[in-house]
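Asks: Got a structure for you, questions after.
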Amino acid sequence: MDKMDEINVNSYIQFIKKNIDYDAYMQWDDYADKEIFEELFQVICEIVCVKRNTIRISGQDYPYELVKARFLKLKSSHLQYVIDCIKNTPNRIKNIKAYMVASLYNAPTTMNTYFENLVNADMMDGRI
């Protein structure tokens with residue numbers, strides 16, 4: 001890696017940290033969630049910083065630039081959503097990294113519906 005690539009990688013990492021409120025999350029959340037948050041952060045950095053032609057997500061190849069653009073828009077709420085999904089998945093996740101990549105990629109388009117479904121289920125069960 002040459003000096004310019006190293007500068008770009010470091011810039012992306014700082015940008016991602018700021019976008020996902022990394023420092024605040026690491027200061028205030030519980031230990032177990034911090035570990036998962038850190039792992040998700042590392043996956044995001046890998047996807048963004050390791051250039052390739054395509055990235056396979058849920059068996060489908062997507063252009064690298066499309067995936068990179070979506071990952072650069074992720075916020076802490078998206079990561080918290082993925083953490084919630086991981087913690088509430090009753091089945092064993094066989095390929096956790098593939099699950100993380102797919103969940104992060106889909107988070108911006110599925111998060112609101114997921115939480116709406118939780119609220120509706122709680123209302124139907126009389127919990128709210």
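Asks: Quick one: Karplus J couplings for the stretch 54-71, per residue in order, coefficients 6.51, -1.76, 1.60, θ = phi - 60°, nearest Hz, x for Gly and Pro?
Replies: Along the stretch 54-71, the couplings run 9, 10, 8, 10, 6, x, 10, 7, 10, x, 3, 5, 5, 5, 4, 4, 5, 5 Hz.
Asks: In addition: Using the heavy atoms of the protein chains alone and a 1.4 angstrom probe, what is the accessible area of the chain per residue in square angstrom?
Replies: 65
Asks: Sticking with this structure for a sec: How much of Tyr81 can a 1.4 Å solvent probe reach, expressed as accessible area in Å² and rounded to 10?
Replies: It works out to around 20 Å².
Asks: Quick one: pull the percentage of alpha-carbon pairs in the stretch 1-52 with a separation above 19 Å. Before the final figure, lay out the partial values.
Replies: Working: 423 of 1326 pairs.
Percent of Cα pairs beyond 19 Å in the stretch 1-52: 32.
Asks: How high is the FRET efficiency from Gln42 to Thr113, r the C-beta distance, R0 22 Å, rounded to 0.05? Intermediate values should be presented prior to the final figure.
Replies: Working: r = 27 Å, r/R0 = 1.22.
Given R0 = 22 Å and the Cβ-Cβ separation, E is 0.25.
Asks: Kirkwood-based Rg over Rh for the stretch 55-101 (C-alpha set), two decimals?
Replies: 1.00
Asks: Checking the cross-link filter: which lysines have an alpha carbon closer than 24 Å to that of Lys73, excluding same-chain neighbours under 8 positions apart?
Replies: Hits, sequence-local ones excluded: Lys17, Lys18, Lys34, Lys51, Lys87, Lys97.
Asks: While we're here: Could you work out [θ]222 nm for the chain from helices alone, using -39500 (n - 2.57) per DSSP H run of at least four and dividing by all its residues? Round to the nearest 500 deg cm²/dmol.
Replies: Helix-only estimate at 222 nm: -23500 deg cm²/dmol.
Asks: Another one. How would Arg70, Arg56, Arg92 rank on accessible area, largest to smallest, probe 1.4 Å? Don't jump to the answer; show the numbers that get you there.
Replies: On the way: Arg70 60, Arg56 150, Arg92 190 Å².
Final ranking, largest accessible area leading: Arg92, Arg56, Arg70.
Asks: So what is the relative contact order for the stretch 31-128, in percent, with contacts set as C-alpha pairs under 8 Å and at least six apart? All intermediate terms of the calculation are to be shown ahead of the outcome.
Replies: Numbers: 56 pairs, mean separation 27.8, N = 98.
The value is 28 percent.
Asks: While we're looking at this one, here's another question. Within the stretch 1-104, what whole-number % of the accessible surface is contributed by carbon and sulfur, with the 1.4 Å probe and all protein chains included in the calculation?
Replies: 53
Asks: Taking a ≥ b ≥ c as the square roots of the eigenvalues of the Cα gyration tensor of the stretch 3-98, is the shape rounded (a/c under 1.5), prolate (a/b larger than b/c) or oblate? Write out the running numbers ahead of the final one.
Replies: Numbers: a/c = 2.22, a/b = 1.16, b/c = 1.92.
Oblate, because a/c is 1.5 or more while a/b does not exceed b/c.
Asks: So, one more: Sequence-distant or interchain residues sharing an amide H contact under 5 Å with Tyr62, placed H: which?
Replies: Ile55, Arg56, Ile57
Asks: Using a Gaussian network for the chain with springs between C-alpha atoms less than 10 Å apart, which of these wobbles most: Asn112, Asn53, Asn19?
Replies: It is Asn53.
Asks: Let's test this: bin the Cα-Cα distances of the stretch 44-125 at 10 Å from zero up to the farthest pair and state each bin's percent.
Replies: P(r) for the stretch 44-125, in whole percents per bin: 16, 47, 28, 8, 1.
The values are calculated or read from the model by the stated rules, or taken from the named source; none is laboratory data. Small disclaimer: the values here were computed from a predicted structure and weren't measured. FYI the Cβ positions are ideal-geometry reconstructions off the backbone, even for glycines, and counts take in every protein chain you see. Protein only, heavy atoms only, side chains kept; ligands, DNA and RNA dropped before computing areas. Shrake-Rupley method; radii C 1.70, N 1.55, O 1.52, S 1.80 Å.
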